[in-house]
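Asks: Quick one: this structure, given as C-alpha cells, is what I'll be asking you about.
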Amino acid sequence: MSMIRDLRAAVRPSLRKNSTAYSTYDTTRDPSASSAVVDCAVYRNGRRLDADGSLTPRQAMCRVREDGGFAWIGLHEPTEQEFAGIAAEFGLHPLAVEDAVHAHQRPKLERYDDTLFTVFKTIHYVEHAELTATSEVVETGEVMVFTGRDFVITVRHGGKGSLRALRHTLQKDSELLAKGPSAVLHAIADHVVDGYIAVAEAVQDDIDEVEIDVFSAPAKSGPRGSDAGRIYQLKREVLEFKRAVSPLLRPMQLLSERPMRLIDPDIQKYFRDVADHLARVQEEVIGFDELLNSILQANLAQATVAQNEDMRKITSWAAIIAVPTAVCGIYGMNFDHMPELQWEYGYPAVLTGIAVVCFTIHRTLKRNGWL
C-alpha cells in the first residue's frame, strides 16, 4: 500500500487549494486542458449545466467540488502528455493511466482505491459487397471508463464507436442520469453489448452465405475447395469477436452481483440485464466458431472426395488407353515371324479388336460409377 501511495503522490500535484483559487486560474495554463478532450460537462440532478461544452476538465471538477453533481469527460486517443494533467487532477492510478493511453487491453474491471477502471472492446461490422478470403468482417476499438464518486472519464480508441449519441440520449433521461456516474457506466456497457448483438446478426448472415455456397448442389465455376480461404478468414474474424465478448462477461456479472460503493443499488439491477445479453452473445459467438469448424471440415472433405473422383476418372481412362498402347507396343517390335503380319485384313481387324475391348472397359467402368 505504501508503494501505491508513493505512485499516486508522484502523479497528483499539490493543487488542492481553496475554491476561490480554482475559480480564478488561467485556463491557458491548465494542464488538464487537452486537444484530446471531445466533450466535458457537469451534471447535477440529471441535467447538464453547460450547453456549449466550453469547460476544461479542471473547471468541471471545481464546479463539482463546490456545488455537487458529477463531471463526465470524454477523450479520444490521448497521448501521455495530454492525459497527464487529467490523471493528476482526478488522482487516477498510474497503472490504469498507462493502460488507457496505450490501449490494446483485454476487457476487464479493476478497482484502484475509490476508482473503477473498466475496459470495453467495441466491435463494428464492416460492410462488404462480397465475402472474400481477405475481407475484413469486424473492426475493433476500445473504450476505457474511469468511474469515481463524482466523475466519469471515458477514453476511446479507434475511428468508430463515438459516445456522442449515447451522451445525448442519456441527457434526455434526467431521472436515470441523476443516479450519477454509475448510470453512465451502465449506459456505456449497454451500448457496447447492443453493438455486439447487431454485429452477431450480421456475422450470422455471412456464415449462412458461406454455408449455402459450400453445401449447394450445383457445381461452382471456381476451383473445388476455393471456399476454404473465405471460411478461414471468417473464422479469424469470429475469433476476434470472441476475444472481445468472452472476457467481459465476468466483469458484468461482478457489477450486477457484488455490492460496490461506486455503483448505485438501483443501477446494479440494470447490469444484470447487460450480463444476460452478453451471455447470449457469447453463446452465439461460440456457436459461430463451432459451426465454422464444421463447415471448414465439410469443405475439405468435399475437396478430398472430388479429388478421389478425379483420380478414379484418370485411372479409368488410363486403363482404356492401356489396351491400344499394349497392342501397338507388341506390333511395334521388329520381329520377322509375327502372326497376321501378311494378312490382308490384319490392320482393320486389330483396330476393330482394340475398339471393342476399349468400349467394353468403358461401359463396365461407367456402370460401376468410375466414369
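Asks: Could you say which residue among R111, R149 is among the basic types (K, R) and out of contact with any Lys or Arg (no Cβ under 9 Å at 6 or more places or on another chain)?
Replies: R111
Asks: Give region 174-192 a look and list any residue that's small (G, A, S) and exposed (fewer than 14 other Cβ atoms within 10 Å of the Cβ), or say none.
Replies: Across region 174-192, the qualifying residue is only S174.
Asks: Additional query: Starting from region 345-369, keep only residues that are closer than 12 Å to V323 by Cβ, then list their pairs with residues that are open to solvent by 60 Å² or more (accessible area, probe 1.4 Å) and not β-branched (V, I, T) whose Cβ atoms are within a distance under 8 Å, requiring at least 6 positions of separation or different chains.
Replies: Matching pairs, first to second residue: V350/Y331; V350/E340.
Asks: Only one of S246, S256 is crowded, with 19+ Cβ neighbours inside 10 Å, of a type in the set (S, T, N, Q) and assigned to a helix (DSSP H, G or I); which?
Replies: Sole residue among the options that is crowded, with 19+ Cβ neighbours inside 10 Å, of a type in the set (S, T, N, Q) and assigned to a helix (DSSP H, G or I): S256.
Asks: Could you look through region 150-176, keep only residues that are part of a loop (DSSP other than H, G, I, E, B) and touching a Gly at 6+ places or on another chain (Cβ under 8 Å), and pick out the one that is nearest to P57 (Cα to Cα)?
Replies: D150
Asks: What number of residues in region 349-365 are hydroxyl-bearing (S, T, Y) and more than 60 Å from the chain's Cα centre (by Cα)?
Replies: Total satisfying the criteria: 1.
Asks: Taking the condition over 30 Å from V145 (Cα atoms), surrounded by fewer than 19 Cβ atoms within 10 Å (Cβ to Cβ) and modelled with pLDDT of 90 or more, does D205 pass?
Replies: Yes: the conditions hold for D205.
Asks: Please pick out the residue among G229, G195 that is closer than 26 Å to S246 by Cα, at pLDDT 90 or above and surrounded by fewer than 22 Cβ atoms within 10 Å (Cβ to Cβ).
Replies: G195
Asks: Let me ask you something else. For L92, all conditions in the list (1) within 17 Å of the chain's Cα centre (by Cα); (2) surrounded by 17 or more Cβ atoms within 10 Å (Cβ to Cβ); (3) modelled with pLDDT of 90 or more hold save one; what is the number of the exception?
Replies: With (1) within 17 Å of the chain's Cα centre (by Cα); (2) surrounded by 17 or more Cβ atoms within 10 Å (Cβ to Cβ); (3) modelled with pLDDT of 90 or more applied to L92, the lone miss is (1).
Asks: If you don't mind, there's one more thing I want to ask. Taking into account only those residues within region 127-149 that are modelled with pLDDT of 90 or more and assigned to a loop (DSSP other than H, G, I, E, B), which is surrounded by the fewest Cβ atoms within 10 Å (Cβ to Cβ)?
Replies: R149
Asks: Could you please give the count of residues in region 55-73 that are open to solvent by less than 80 Å² (accessible area, probe 1.4 Å) and on the phi < 0 side of the Ramachandran plot?
Replies: Residues flagged as open to solvent by less than 80 Å² (accessible area, probe 1.4 Å) and on the phi < 0 side of the Ramachandran plot within region 55-73 amount to 13.
Asks: I would also like to ask the following. Checking A88 against (1) in contact (Cβ under 8 Å) with a residue 40 or more places away in the chain; (2) touching a Leu at 6+ places or on another chain (Cβ under 8 Å); (3) outside any helix (DSSP H, G or I), which single condition isn't satisfied?
Replies: (3)
Asks: Give just the number: which of (1) crowded, with 21+ Cβ neighbours inside 10 Å; (2) without any contact (Cβ under 8 Å) to a residue 60 or more places away in the chain does L116 not satisfy?
Replies: (2)
Asks: So which of V97, V126, V145 is free of Cβ contacts under 8 Å to residues at least 40 places away in the same chain and β-branched (V, I, T)?
Replies: Exactly one of V97, V126, V145 is free of Cβ contacts under 8 Å to residues at least 40 places away in the same chain and β-branched (V, I, T), namely V126.
The values are calculated or read from the model by the stated rules, or taken from the named source; none is laboratory data. Note that the coordinates shown come from a computational prediction; the quantities given were computed from them, not determined experimentally. Ideal geometry is used to build each Cβ from the backbone, glycine not excepted, and the neighbour counts take in all protein chains shown. These area figures cover heavy atoms from the full protein model, side chains too; ligands, DNA and RNA do not enter into them. Shrake-Rupley method; radii C 1.70, N 1.55, O 1.52, S 1.80 Å.
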